[in-house]
Structure formats: C-alpha cells, structure tokens
C-alpha cells in the first residue's frame, strides 16, 4: 500500500465520506483560474442535504473571489474577509483588494472586508448559515479561525483537506472540540464539511 493510499484510507476511517446526491452548476460563476473549481457543483447539494437556511454566509479567504461568487448564488448576504495580500501558500503575493472589489462589483449581495481573520472574530457575534475557511494552510490558523466559524455557523466547510495534512488535522480536532459531525469530499483538493446538527434540529422544530 502506497503512502497516499494509506493516508486517504485512514483519513476516511474517522470521517464520514460526503456523497453528493445532485451535482449542479450555479447560475453565476467567475471565469478565472481557481483551485476551488469543481466544488461549485456540490454547494447547493450541501445546502439541501443539511437543510441549511439561505440567509447569511461568511468566507475567510476570498483571494480573487471565485468561491465568493458561488456562494452569492445561494445566500441573501455573503461577507468575504481576507487580507488580500496572499500568504505563504499562495502564488500571488501582491495586494489585490481593489482588483477583487472591481471584479465582484456586479454582485450586490457580496460585501468584501479587508481584514485579518484574527481582528474580525473578536468583534463579530453574528450567526451564519454557512462559513467557508480557506486561509493559510497550517494547523494553528486553520484551527483558530475554523473553531470560531464552527461556533458561529450551522455548517463550516474547509478547503484543502486532502492536499494539506495540517488542515485535515485541524478540522478533525475542531470536530472533536465542538461535537459536530464531520464529512469529507475528496475531490478538488478536498472539502471538509463540519455540521452543527444540534443547532439545525432546533431550527427545524
């Protein structure tokens, strides 16, 4: 058994595999290069499988806005928080807030905020229906940002659970800390899906 197969099999043993029932492309998608491409096909399926309300979404890690626009198809408001300066794992290290703002100006339900997640989470006490974490791919930041997101949303998704072991470990530890249910979709570099089933059951009553 190769190392890649070993890692994946052991990963799946303690996380439920996510199996989409319907793959659907959203109406509005940006025509840009993005490592997130392909995941837009399962977002509506996630919303439907977990019965998520469609009011508010927050995203940490906007970069050029591909995933942000995908979310704008399904939620009344989308808040995108990013430094817009890249990080150690991104190719682009140039400041691009204005560029991304111009690209997304056609989507009135998107609000972009130039901020580090650390500054944002100490002041925001809102609750969101979906949170997306796709920041610097190390354990500490993913855990810190992801834990806040899991505590303030019905469902939190994490990109790169397959390509960055540190992200995978952080997500698993957040699931343990919160008692939430964790799924993984292995395609397109991996998407961890953390669901607050207790909160959703209360809303369904």
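Among the residues that make up the range 94-110, is at least one of them under 16 Å from residue 18 (Cβ atoms), modelled with pLDDT of 95 or more and in contact with a strand residue (DSSP E or B) (Cβ under 9 Å, 6 or more places away or on another chain)?
no
Yes or no, residue by residue, for (1) loosely packed, with under 12 Cβ neighbours inside 10 Å; (2) at pLDDT below 95; (3) in contact with a helix residue (DSSP H, G or I) (Cβ under 6 Å, 6 or more places away or on another chain):
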position: 3; (1), (2), (3): yes, yes, no
position: 6; (1), (2), (3): yes, yes, no
position: 19; (1), (2), (3): yes, no, no
position: 26; (1), (2), (3): no, no, yes
position: 35; (1), (2), (3): no, yes, no
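How many residues does the range 137-151 hold that are in contact (Cβ under 8 Å) with a residue 60 or more places away in the chain and within 17 Å of residue 197 (Cβ to Cβ)?
Residues flagged as in contact (Cβ under 8 Å) with a residue 60 or more places away in the chain and within 17 Å of residue 197 (Cβ to Cβ) within the range 137-151 amount to 1.
The values are calculated or read from the model by the stated rules, or taken from the named source; none is laboratory data. Being a predicted model, the structure only gives us computed values, none of them experimental. Note that we place each Cβ from the backbone using ideal geometry, even for glycine, and neighbour counts take in every protein chain shown.
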